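Below you'll find the structure, written out as structure tokens, and then a few comments.
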Amino acid sequence: MSKFVPMIVTMLFASIVILVTACNLPTDPKLPVLNTGAGIPLSNKIYSLNDLLQDSSTFQKDGSNNLIFVVNDTIPSQGLSDSLRIKDVTFTYENRLNDANGFVNAQTNLGSFNFPINLIFPELPPAPNTQVINPTPAGGNLVSATPILNDDIQEARLRRARFRIEIVNNLPIDAEVGIPDGQSQPGIVIETPGEPTVFLPFNNDQKVIPAGQTRGLSVSPGGLIQTIITNQRLTQESRGIAKIISAGSNGQPIAYTGNSVIRVNAFLDSLQFIDATLSVPSRTLLYTFETPFEAGMDITQATLDSFFFRLDIQNTLAVSGQATLTAPQLTNTRTNDILTSNFPINAKSNRTVNINSSGDKWTLKPDPSDIAGGFTSINKIKFLLSVVTNEIPKNDKKEFKETEGFVINGTARQLKISFARGLSLPQQTIQVNTVSDIPSISNTENFNFKEIATEKVLLDLNIANGLGVDAEIDGSAELLNESGGVISTIIIPKSTINAALFSNNRFITTQTTLPLSTNGISVSTFPKKIRSRINISTVSSKPFTIADTNKISAIFSIKIPLAVRIIEGVFAKESDFSIGSELSSVSESIQSASLLFEAINTIPSTVEFTSEFKDSLGNIILSLPKSGKFSLQGSATNAEGYSTNSTKSFQRIDLTNEEFQILQRSKNLRIRLNFDAQNSQGGEYVRFRTTDQTHVRIFLDVKISTKE
């Protein structure tokens, strides 16, 4: 027998993986049999939870090696598209005849009229001449002059105006304005046929006008000479009437000419026409109107991808001209030109002007006049309409009425922003209502638990804010059972989410984690669904930077500590396997073979396992045991459910000739572990840790026949 010893020693110390050719077990009963007395090791594997889960995205490990089952429910990304579209705006701008910057000047020079020296002193020979000028009668001489209107004005009816005059004494002698008939104080009367008279009173400082001096200026003695008139008509037949008093030339001859007159310059200030028939030279009319943004939007700079402006211009004035419309805050990013449109304006006609972005991008920002006025942001788009009118000649005067003017009805639409920054955005609210399945733990990586009862659930809300604007979030999350019943409701308290950072022309998403259950939520069953009701509202009145690519997203992180009552679960792991070639030389002498299974279990649940041998194609060709499972008692646990020691077990399976042949062809071994925590040694719940493990060793035991 000693000649077999070297071979047996070699066999006992062969490597774990040994390749062997197929052979049959001999059945000759006459040959002596040698029992090797030890098993050839075929597999020596430790199945620790740390090993099983080290590449897992579904399980996490805390500082105490506790295992936590993690499910992430992603809430679809949301953008603030409404905030990137300036709401459609309709607006109306009216400029009537009497409005500021209207067609009629705010101050109108009516014209001038004169009281010549020969009218005041009718006894004098016609000018030019040199004569002694005698004093006037005590009350003065009555004089009148017409017309008081210049030849640009045929007539005018005034709703209201300030009638003001300046009186200049161009006589070679001093003069004084007396008291007209029907009046109680010095002054000048304006008289129009069929109309009430207009009286311009003089005070004591104004009535005396030395030769060469003027009265009625703000710096003249007595100040302005003026009166307010209402509902008054003036025509080319209107005349000025006065009584002029003079002491004459004191008996001395004095020279006078045709320019020796008392001149009266008439003005209308702050006038409001009812109507007027006028001739008007060419002039430039400037109108400013705006399209306001939504309340709360204040922009320092924006890029507009598109816009459409429609202007319906109604001109009811009897004036035509050439118009230029500009939007000085809008600049073409390609050409650097300000938005401009030129078009004609016809008298008493309507015109529609359409302006769009023409496929270009446009920069919207304060224009130089905004900045000069101290405005570094804008909340409206400004338009300037300049109209250069054609002349209305004196021989073709036109009638104008107070109801006439320019009326612009405008619409601003399709104002789409791709990028904007500013001081404030209107509050936008995103509402998210979703119901999502919580992935079953039975389909999670290597674990295949059919059912789990859990002790508590931890819930975090992870928010990724890619918007460059602060936001607030609140709402609730409901954990549901299979039928949709509510297991637990978690309130999401109102919390602030910081804006994404904008640096080097790119957005840096800010991450915010809201722990919604610091100590865990007690549940009676494993949740199957989660229903989210979330409100996300942007914070107005704060600086912002946004782009059309910005999104905000959120993920519910559902963490379930594996303090569980496992009703049934399965874990399987494979490893390479083969029987070595050292047995090939004695294959004909092998009388019998057995597999020895040794297992040490520190997992706090009953573990049952089966061994599955596969061929090179991955097909299962042998399962052991053929019926039932190897059973390992769960380790003992303390009051908290943690494993405290290990349990051991041994099992032998005798192989048939057919099974041994199959075993020789095996290339892969899979150990399938079944868990059952109902029979655990501790309390109702057990806790899994990464250090928990099952150690399985498999040996091949053979008996070899010998010859004398």
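Conditions (1) touching a Lys or Arg at 6+ places or on another chain (Cβ under 9 Å); (2) modelled with pLDDT under 85; (3) in a loop (DSSP other than H, G, I, E, B), marked per residue:
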| site | (1), (2), (3) |
| --- | --- |
| 621 | yes, no, no |
| 628 | no, yes, yes |
| 634 | no, yes, yes |
| 639 | no, yes, yes |
| 648 | no, no, no |
| 651 | no, no, no |
| 654 | no, no, no |
| 660 | no, yes, no |
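Could you tell me which residue of region 522-565 is modelled with the lowest pLDDT, considering only residues that are within 17 Å of residue 496 (Cα to Cα), open to solvent by less than 60 Å² (accessible area, probe 1.4 Å) and in a loop (DSSP other than H, G, I, E, B)?
540
Quick one: residue 589 ticks every box in (1) at pLDDT 65 or above; (2) more than 24 Å from residue 473 (Cβ to Cβ); (3) surrounded by fewer than 21 Cβ atoms within 10 Å (Cβ to Cβ); (4) hydroxyl-bearing (Ser, Thr, Tyr) bar one, so which box is it?
Among (1) at pLDDT 65 or above; (2) more than 24 Å from residue 473 (Cβ to Cβ); (3) surrounded by fewer than 21 Cβ atoms within 10 Å (Cβ to Cβ); (4) hydroxyl-bearing (Ser, Thr, Tyr), residue 589 violates only (3).
Do we have any residue at all in region 226-249 that's closer than 29 Å to residue 124 by Cα, in contact with a Leu (Cβ under 6 Å, 6 or more places away or on another chain) and either without any contact (Cβ under 8 Å) to a residue 40 or more places away in the chain or open to solvent by less than 10 Å² (accessible area, probe 1.4 Å) (or both)?
Within region 226-249, none of the residues are closer than 29 Å to residue 124 by Cα, in contact with a Leu (Cβ under 6 Å, 6 or more places away or on another chain) and either without any contact (Cβ under 8 Å) to a residue 40 or more places away in the chain or open to solvent by less than 10 Å² (accessible area, probe 1.4 Å) (or both).
Failed condition for residue 387, given (1) closer than 27 Å to residue 323 by Cβ; (2) of a type in the set (Val, Ile, Thr); (3) open to solvent by 50 Å² or more (accessible area, probe 1.4 Å); (4) in contact (Cβ under 8 Å) with a residue 12 or more places away in the chain, with all others met?
Status for residue 387: all satisfied but (3).
Hey, among the residues in region 166-187 that are in a strand (DSSP E or B) and touching a Lys or Arg at 6+ places or on another chain (Cβ under 9 Å), which one's most open to solvent (accessible area, probe 1.4 Å)? Step through it out loud before you land on a result.
Just the residues of region 166-187 that are in a strand (DSSP E or B), to begin with: 166-169, 175-177, 187.
Remaining after also requiring touching a Lys or Arg at 6+ places or on another chain (Cβ under 9 Å): 166-169, 176-177, 187.
Details: 166: 35, 167: 1, 168: 30, 169: 1, 176: 56, 177: 2, 187: 0 Å².
Ranking the qualifying residues of region 166-187, first place goes to 176.
Working only within region 341-374, note down all residues that are open to solvent by less than 80 Å² (accessible area, probe 1.4 Å), within 18 Å of residue 327 (Cβ to Cβ) and without any contact (Cβ under 8 Å) to a residue 40 or more places away in the chain.
341, 343, 359, 360, 367, 373
Which residue, of 272, 252, 301, is open to solvent by 30 Å² or more (accessible area, probe 1.4 Å) and within 29 Å of residue 407 (Cβ to Cβ)?
272 is the lone residue from the list that is open to solvent by 30 Å² or more (accessible area, probe 1.4 Å) and within 29 Å of residue 407 (Cβ to Cβ).
Among the candidates 332, 356, single out the residue that is out of contact with any Ser or Thr (no Cβ under 6 Å at 6 or more places or on another chain) and modelled with pLDDT of 95 or more. Can you show your working first?
Details: 356 fails: modelled with pLDDT of 95 or more.
Answer to the selection: 332.
Just one of the numbered conditions (1) open to solvent by 70 Å² or more (accessible area, probe 1.4 Å); (2) modelled with pLDDT of 90 or more is not true of residue 377; which one?
Of the numbered conditions (1) open to solvent by 70 Å² or more (accessible area, probe 1.4 Å); (2) modelled with pLDDT of 90 or more, the odd one out for residue 377 is (1).
Quick check: is even one residue across region 319-340 in a loop (DSSP other than H, G, I, E, B), charged (D, E, K, R) and open to solvent by 60 Å² or more (accessible area, probe 1.4 Å)?
yes
All but one of (1) loosely packed, with under 14 Cβ neighbours inside 10 Å; (2) touching a residue at least 60 places away in the same chain (Cβ under 8 Å); (3) of a type in the set (D, E, K, R) hold for residue 404, so report the exception by its number.
That leaves (1) as the condition not met.
Might you check whether a residue that is at pLDDT 85 or above, assigned to a strand (DSSP E or B) and closer than 30 Å to residue 311 by Cβ occurs anywhere in region 469-487?
no
Just checking, how many residues over region 128-164 are of a type outside the set (Phe, Trp, Tyr) and under 24 Å from residue 394 (Cβ atoms)?
Initial filter on region 128-164 (of a type outside the set (Phe, Trp, Tyr)): 128-162, 164.
Subset that is under 24 Å from residue 394 (Cβ atoms): 145-158, 161.
Number of matching residues: 15.
Which of the strands (runs of 3 or more DSSP E) found entirely inside region 380-444 contain at least 2 residues meeting this: more than 39 Å from the chain's Cα centre (by Cα) and more than 30 Å from residue 543 (Cβ to Cβ)?
Result: 380-389, 398-401.
The values are calculated or read from the model by the stated rules, or taken from the named source; none is laboratory data. This one's a predicted model, so the numbers in the text were calculated from it and none came from an experiment. Heads up, the Cβs are rebuilt from the backbone with ideal geometry, glycines too, and the neighbour counts pull from every protein chain shown. We work out accessible area using only protein heavy atoms, side chains counted, and drop any ligands, DNA or RNA first. Shrake-Rupley method; radii C 1.70, N 1.55, O 1.52, S 1.80 Å.
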